[in-house]
Amino acid sequence: MTITPRILVVDRVPVFAAGVEAAFARMGHPVTLDHLKTLPALADLPATLPDVLLLEASWGAQAELELIRQLHLRHPQIRCIVSVCDGKAGLAAAVRQAGGSGVFNKALNPQMLVSLCLQVLQEDCFIPTSIGEAGQQASALGGPSLTARQQEILWLVAEGQSNKQIARRLSVAEGTIKNQLYSMYRVLGVSNRTEASRWWLHTAQ
């Protein structure tokens, strides 16, 4: 991943691109962001290729899927993520098959969007479409059993918040958060917050 990732947002609404840029800034992650209102042809991409392409999905998303296929063949290092305003049956599977890196709901918490983008840049993972649906946390079914409070803490950890920030948000002592994390590490079979975040992102679907 480059030190300052380049993100190209393709979205009809300029305010969405501005919101993405602001979210990265609030979380202390520098980013170079470009915005296009319409889907580009492969030849129309900037000379300096983006690290992440955030594509707004049109109805059916066929043009977006075709662009993802072409990029996957010619520039596989570019991570393509599709944004949706509502659920589209089968879209996540189609994006994965085309070589994309995920689907997210545009109502997603901005900090979580930053966390997901960074996760995709750091490793070749796929964002399940149900993560952050309508900005709500998803429950990890069929996995290790966590309490509601532990799930809440893990959600905030995955957003990139520190123990101090989580403690302040939940109005508890920082030591309480540390104890809860150690307990969760044992339950999940992980050794640190990065592995715990990865588990949450991969199983909250």
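The values are calculated or read from the model by the stated rules, or taken from the named source; none is laboratory data. Keep in mind the model is a prediction, meaning the values are calculated, not measured. Virtual Cβ from ideal backbone geometry, glycine too; neighbours counted across all protein chains shown.
Going residue by residue through segment 24-39, is there one that turns out to be at pLDDT 90 or above and hydroxyl-bearing (Ser, Thr, Tyr)? For segment 24-39, residues at pLDDT 90 or above and hydroxyl-bearing (Ser, Thr, Tyr): present.
Going through segment 143-178 one residue at a time, which ones are loosely packed, with under 13 Cβ neighbours inside 10 Å and among the aliphatic types (A, V, I, L, M)? Selection gives ALA148, ALA173.
Are any of the residues in segment 169-181 in contact with an Asp or Glu (Cβ under 8 Å, 6 or more places away or on another chain), outside any loop (DSSP other than H, G, I, E, B) and hydrophobic (A, V, I, L, M, F, W, C)? Quick ask: steps written out before the conclusion?
Restricting attention to segment 169-181, the residues satisfying the condition of being in contact with an Asp or Glu (Cβ under 8 Å, 6 or more places away or on another chain) are 170.
Within this subset, residues satisfying the condition of being outside any loop (DSSP other than H, G, I, E, B) are 170.
Checking the rest, the ones that are also hydrophobic (A, V, I, L, M, F, W, C) come to 170.
Checked segment 169-181: at least one residue is in contact with an Asp or Glu (Cβ under 8 Å, 6 or more places away or on another chain), outside any loop (DSSP other than H, G, I, E, B) and hydrophobic (A, V, I, L, M, F, W, C).
From the list ALA17, ALA61, which one is among the aliphatic types (A, V, I, L, M), assigned by TED's automatic domain parsing to the domain that holds GLY102, surrounded by 14 or more Cβ atoms within 10 Å (Cβ to Cβ) and closer than 26 Å to GLY160 by Cβ?
Details: ALA61 fails: closer than 26 Å to GLY160 by Cβ.
On inspection, the qualifying residue turns out to be ALA17.
Of the candidates ALA43, ALA93, ALA22, the single residue that is in contact (Cβ under 8 Å) with a residue 12 or more places away in the chain and of a type in the set (Gly, Ala, Ser) is ALA22.
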